[in-house]
Every structure is written in structure tokens, then in C-alpha cells.
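Below is the structure I would like to discuss, written out as C-alpha cells.
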Amino acid sequence: MGIALLDLAEKRMAWADRRQQVLAQNIANANTPHWQARDLTPFSAALAKANGAGMALTQTRHLVGVGQGATGQPEVQKAAERAPDGNAVALDEQLTKIADTETAQELATNLYKKYLGMFRVALGRGQ
């Protein structure tokens, strides 16, 4: 299980990197007529699809979750509002998503570093 954690952190960082690219394209095209904002499916959906397992129901009264396709390809988002030229990019929404993605990437990076630090300590090579 130990190495699986490193693989998971690496996948999370790759997902965050890809999402930052997609969100940056949205911002770059904020003035492009008829551009529709895109986003990746949440990492949890991508992880569930990769593992082939979803949330376990431990009680009959639990709600069943709804799975989403997770291909790593950008999906067009439904726009709440459109500009007169047909553009559907809300800059404040995109910037919020970029900040959330940056936080997620920072968390994955820190976990990766801490785990490698534990390996170093276990091998007697310092902190």
C-alpha cells in the first residue's frame, strides 16, 4: 500500500496540472465569441472510475451516488449566463477554480514530500 500512496499523489498532481491547463484556456478565451468554458471531471470521479469501485453502501438507508465519466478530457460546462457575443466564460468562477486546483496540487505535493521524508528517516538518511 505504501507505494500506492505515491502513485495516487502523482495521479492527483497530473490531474491538477491538466485542470490548470484547461482553466487557463478558458481565461485566455474569455473574449472569444461563442467560447464555452470547459473543465475536467472531479478527481474523485476519475479515481473511482480508475479503481472500478465507488462508494460502499454500509446501510440500506444510504443514498446511492451518481457516477460520472472521467476521461481526463475537458468537458463543456453548462453556462449560467452568456455574453451578447455568445461567450460563456465567467472569470470569477474560473479564478476560483484555479485557486482550488492550486490548493489541491499543493496538498498532493506536500503529502508526497512528507512520505518521501518518512522513507529517508526509515533508511537512516536524515529528515
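The values are calculated or read from the model by the stated rules, or taken from the named source; none is laboratory data. From a predicted model like this one, the values you see are computed outputs, not experimental measurements. Quick reminder, even Gly has a Cβ in these numbers, built from the backbone with ideal geometry, and neighbours come from all protein chains shown.
Taking A46, is it at pLDDT below 75 and either over 18 Å from the mean Cα position of the chain (by Cα) or part of a helix (DSSP H, G or I) (or both)? Steps first, answer last, please.
On the way: at pLDDT below 75: yes; either over 18 Å from the mean Cα position of the chain (by Cα) or part of a helix (DSSP H, G or I) (or both): yes.
Judged against the criteria, A46 is a match.
Can you work out which of the residues in the range 65-107 that are outside any helix (DSSP H, G or I) and polar (S, T, N, Q) is modelled with the lowest pLDDT? Lay out the reasoning, then the answer.
So the first thing to find is which residues in the range 65-107 are outside any helix (DSSP H, G or I), and the list is 65-90.
Checking which are polar (S, T, N, Q) leaves us with 68, 71, 73, 77, 87.
Details: Q68: 40, T71: 49, Q73: 70, Q77: 68, N87: 86.
Per the stated criteria, the residue is Q68.
Quick one: L116 ticks every box in (1) in contact with a helix residue (DSSP H, G or I) (Cβ under 9 Å, 6 or more places away or on another chain); (2) modelled with pLDDT under 90; (3) surrounded by 14 or more Cβ atoms within 10 Å (Cβ to Cβ) bar one, so which box is it?
L116 satisfies every listed condition except (3).
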